[in-house]
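Each value in this text was obtained by applying a stated rule to the coordinates, not by laboratory testing. Note that the structure is a prediction, hence the values are computed from the model and not measured. Note that we place each Cβ from the backbone using ideal geometry, even for glycine, and neighbour counts take in every protein chain shown.
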Amino acid sequence: MTTTGTRTTTRTSPEVAERLALFADRGDAGRRLARLLRPLAAERPIVLALPRGGVPVGFEVARALDAPLDVVLVRKLGAPQNPEYGIGAIAEGGARFVRRADAEAIGIGEAELERVIARETAELERRRRLYRGDADPLPVEGRTAILVDDGIATGSTAAVAARALRARGGGRVVLAVPVAPLDTEARLGAEFDAIVCLEQPAAFFGIGQFYADFGQVEDEEVIRLLSRARDPDPQLAADLRVPEPAAGLVLFAHGSGSGRLSPRNRQVAEALSEAGFATLLFDLLTPDEAGDRARVFDIDLLAERLLAATRWARSREDVGALPLAYFGASTGAAAALRAAAELGPEVCAVISRGGRPDLAAESLAAVIAPTLLIVGGADRQVLELNEAAARSLRCPHEVAIVPGATHLFEEPGALERVGELAAAWLLRHCRAPR
């Protein structure tokens with residue numbers, strides 16, 4: 001039994017903990033947890049999330065490990081007079097974990113305990129129908145099963161979920177959570193083959209204190225994420241151009257509903273091709289999705305599509321070994337930065353043209369690739385947003401202003417200058433062979 005990647009963090013009060021939240025939201029926690037779990041990708045694991053709060057975390061882990069995602073349906077058994085006080089848990093398939101000593105200590109008899117179990121069993125069945133319909137759970141027999149939640153408090157639900165997975169024939173069962181109390185291994189070590197935790201604070205009052213945004217996860221969000229995990233990569237049109245020889249590969253991330261046919265990005269791609277770089281222009285959204293403003297600003301979705309395109313490019317013999325860079329425009333710039341934060345040293349440079357890097361939010365500080373933010377001098381609002389985003393970057397970076405240019409760089413010579421700046425940045429940072 002091993003505990004991996006933990007770090008003890010001292011907190012003096014709930015108020016201090018709230019001000020110093022460890023995670024922006026569950027998505028942020030999942031992406032950071034995924035980086036710690038990356039070595040497990042070689043085991044071809046299956047990710048099992050505890051609904052509802054564990055599903056956004058598990059979605060990010062499954063996406064990063066290129067693993068299937070399912071849920072393990074577990075219900076906490078709460079004390080009748082205080083539902084937040086857990087006295088055990090049940091799981092689909094009949095697995096139970098009941099702390100009878102705790103139940104007896106607060107006066108819960110066997111009959112009352114059975115009524116609690118019956119009520120939670122009915123809710124378990126409701127969620128099974130809602131999340132899966134008539135489909136069976138994904139098979140775990142003989143596989144590494146990574147159990148994910150947004151945090152551990154008492155550990156009752158995690159323990160019963162582990163027993164349920166072992167009853168289904170799971171091979172190694174690994175618990176992976178962003179945050180847990182210091183005594184988690186002592187309490188749960190016998191249930192798991194490994195426990196992976198990002199943070200184990202000394203002062204632990206509740207999981208929510210370590211998230212800036214710990215809002216309720218609704219059933220609709222669980223269903224949406226499970227659907228995206230089952231069919232993450234729609235067929236998207238793409239144009240790949242490879243000069244001989246190629247110094248690197250630049251993936252273009254378009255934004256605000258534009259795509260691979262954008263004349264502005266095609267002009268910049270032509271300039272980069274002349275500088276010796278292969279270019280991949282592709283549509284991050286399908287034609288139907290491009291008209292949906294919510295999709296256009298769904299940075300998680302855009303980054304997910306960009307990472308899928310990156311995996312596709314990496315699988316090709318002609319460009320798979322080339323140094324990799326991202327070029328993002330508008331909301332595509334935020335997607336490029338988020339993907340770069342995910343891939344770390346695999347990305348040699350990021351370039352933004354008239355972009356919204358501010359929408360990458362907490363991912364900015366995790367980017368290590370040298371980043372160039374190109375903004376029109378007359379695009380005052382976007383310039384301010386870029387300058388603010390630059391202050392959050394910890395990587396080598398510059399804000400390059402094209403004098404007199406507006407948001408679309410339609411002024412004479414403006415796009416030519418963008419091409420020159422982008423090519424110079426790539427030649428500076430992406431020429432070394434991988």
In nanometres, what is the gap between the two model label sites at R224 and A294, each 7 Å from Cα along Cα-to-Cβ? 0.5
Charge context of A405, other residues only, Cβ under 14 angstrom, K/R +1, D/E -1: -1
So what J values fall out for the range 139-155 if you push phi through Karplus, 6.51 cos²θ - 1.76 cosθ + 1.60 with θ = phi - 60°, rounded to Hz, Gly and Pro as x? x, 10, 4, x, 9, 6, 10, 9, 8, 10, 9, 7, x, 10, 10, 7, x
Net charge near A414 (other residues with Cβ under 14 Å of its Cβ; Lys, Arg +1; Asp, Glu -1) is -2
Long-range HN-HN contacts of D150 with modeled amide H, under 5 Å: G54
Amide proton proximity set for A203, modelled H, under 5 Å, gap of 5+: R11
Derived scalar couplings ³J(HN,Hα) [the range 173-179; Karplus, 6.51 cos²θ - 1.76 cosθ + 1.60; whole Hz; x for Gly, Pro]: 10, 10, 8, 10, 9, x, 8
What FRET efficiency, computed as 1/(1 + (r/R0)^6) with R0 = 35 Å and r the Cβ-Cβ distance, is obtained for A390 and L240, rounded to the nearest 0.05? 0.70
Per residue of the range 297-314, what does 6.51 cos²θ - 1.76 cosθ + 1.60 with θ = phi - 60° give for ³J(HN,Hα)? Whole Hz please, x for Gly and Pro, Karplus curve as stated. 9, 7, 5, 4, 5, 4, 5, 4, 5, 5, 5, 5, 5, 5, 4, 4, 5, 5
Taking placed amide H atoms and a strict 5 Å upper bound, the residues 5 or more places from F277 or on another chain that come that close are A247
Compute the orientation-averaged projected area for the chain from the convex hull of its Cα atoms and round it to one decimal in nm². 22.2
Calculated FRET value between E114 and A42, using beta carbons and R₀ = 30 Å, to 0.05: 0.10
Describe numerically, in nm with one decimal, the distance between label points set 7 Å from Cα along Cα→Cβ at E398 and at R129. 6.3
So what's the back-of-envelope 222 nm ellipticity for the chain, counting only DSSP H runs of four-plus at -39500 (n - 2.57) apiece and dividing by all residues, rounded to 500? -11500 deg cm²/dmol
Total formal charge among the other residues, if their Cβ is under 13 angstrom from that of A95, Lys/Arg +1 and Asp/Glu -1: +2
Each label point is 7 Å from the Cα along the Cα-to-Cβ direction; what then is the distance between the points at R35 and R314, in nm? 1.5
Extension gain (nm, one decimal) between F205 and Q267, 0.36 nm per residue minus Cα-Cα: 16.8 nm
